[in-house]
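Below is one structure, written out as structure tokens; comments come after it.
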Amino acid sequence: MATLVIASISDRSGKTALTGALASLLGTPDAPVAVGKASDSESSGDGDAGVFSSLLPENPAINGTAADIASKIADIGDTSRIAIVEGSSDIRSNLAIANSTDGLVLLIARYGEDIVSVASEYGARLAGVVVNGLPKFRSEDSDGTLATDLEAAGTRLLGSIPDDRRMLAPRLGQVAEFLGGQFLTGESESDRLLDNFLIGGLVLDWGPFYFSSRENTGVVVRGDRPDVQLAAIQTDTTRALILTKGVRPVEYVIYEAEQRGVPLVVVPGNTHDVAEQLEGLQPLVGFDHADKLERMIALVSESIDIGGLEEQLAQPATG
């Protein structure tokens with residue numbers, strides 16, 4: 001069985017998302033990819049392991065400590081032809097897994113990290129490099145200078161995944177809990193993702209035009225501003241209203257929100273403070289939603305040389 005270890009240079013680089021997307025793209029109904037998380041202890045990898053079991057329930061699980069991964073893969077037998085293991089930022093640990101399974105390493109990195117020097121540490125085990133979260137105006141640097149530098153170092157850039165708001169989106173329920181809020185309506189939609197936030201304060205443009213400027217939006221607005229609330233509700237892009245100052249809106253707003261399927265969450269604090277609080281939510285947002293997996297599959301399909309990766313996995317790895 002071909003084994004691929006997803007490694008990174010730093011934490012929160014997108015290993016879980018890339019692992020999930022590749023497990024979906026490289027498998028077939030008859031031979032799903034075995035997928036799992038390598039951890040330092042039996043319990044330390046439970047979070048990502050749970051993500052895989054939730055998002056990829058049909059894929060054989062190979063979660064365990066780095067030392068146990070090889071035996072876990074062996075136990076799968078002929079059920080799968082490929083195993084993908086989410087590794088870590090520890091080069092020694094990732095290489096140990098690759099050596100014990102005679103597998104390859106795929107390095108995922110953020111633009112601006114010391115990619116070339118880290119890539120060289122993996123030697124012949126490295127299948128290539130993927131840059132994740134590439135800023136919009138840095139594609140020429142990545143596809144040009146970085147690709148050339150990696151090639152000179154004996155490896156290749158398999159692609160660059162652009163920055164994407166969906167991958168950073170929190171769930172509505174997560175937002176409500178983080179802000180100490182309460183649902184007035186729409187609590188059944190707490191799993192809904194919010195890609196963007198807009199402040200419903202001094203809106204100089206026509207209200208619906210302003211609130212349509214972003215997709216899948218959570219609008220933060222004072223609870224005593226029905227005019228702004230109704231303008232936001234009228235748009236097809238508003239996914240929730242975050243009502244500040246702990247003020248319940250007028251009944252007509254509640255009625256319109258229910259009719260349009262827009263959840264209402266009342267939170268303490270003024271609009272400015274709530275907007276600042278939301279900045280602290282980002283480190284808590286993870287890859288744990290089916291819509292994020294769907295989006296990552298699309299991004300990887302569009303951005304990564306999947307065929308080139310499959311060719312390498314079909315050949316014996318050399319160490």
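The angle between the Cα long axis of helix 46-55 and the longest principal axis of the Cα atoms of the chain comes to about 80 degrees, rounded to the nearest 10.
Each of the peptides 84-91, 174-181 was scored by the mean count of other Cβ atoms within 10 Å over its residues; in descending order, highest first, they stand as 84-91, 174-181. Estimated purely from DSSP H runs of n ≥ 4, each contributing -39500 (n - 2.57), the mean residue ellipticity at 222 nm for the chain is -10000 deg cm²/dmol once divided by its residues. Each Cα pair under 8 Å and six or more residues apart adds its separation to the average, and for the chain the resulting relative contact order is 18 percent. Structural descriptor for region 167-239: relative contact order 29 percent, calculated from alpha carbon pairs under 8 angstrom and at least 6 residues apart. Does anyone have the angle between helix 251-260 and the longest principal axis of the chain? Alpha-carbon axes, 0 to 90°, nearest 10? In the chain, helix 251-260 runs at an angle near 40 degrees to the longest axis. Largest GNM mean-square fluctuation among LYS136, LYS245, LYS37, using the chain with Cα springs under 10 Å: LYS136. Across region 189-196, computed HN-Hα scalar couplings (Karplus, 6.51 cos²θ - 1.76 cosθ + 1.60, θ = phi - 60°) run 9, 5, 7, 5, 8, 10, 6, 9 Hz from first to last residue, x flagging Gly and Pro.
Taking the longest Cα principal axis of the chain as reference, the axis of helix 91-101 is set at about 60 degrees.
Annotation: the residues ILE254, ILE6, sorted from fewest to most other C-beta atoms within 10 Å of their own C-beta, follow the order ILE254, ILE6.
Comparing mean-square fluctuations of ARG12, ARG214, ARG192 from a GNM of the chain with C-alpha springs under 10 Å, the top value falls on ARG214. Between ASP227, ASP48, ASP288, the residue with the greatest mean-square fluctuation in the GNM of the chain (Cα pairs under 10 Å linked by springs) is ASP227. Close amide H contacts of GLY269 (hydrogens built in the peptide plane, cut-off under 5 Å, sequence separation of 5 or more or a different chain): LYS245, GLY246.
Every number in this text was worked out from the coordinates using simple rules, so none of it is lab data. Fair warning: this is a prediction, and the values are worked out from it, not measured in the lab. Glycine gets a Cβ as well: all are built from the backbone with ideal geometry, and neighbour counts include every protein chain shown.
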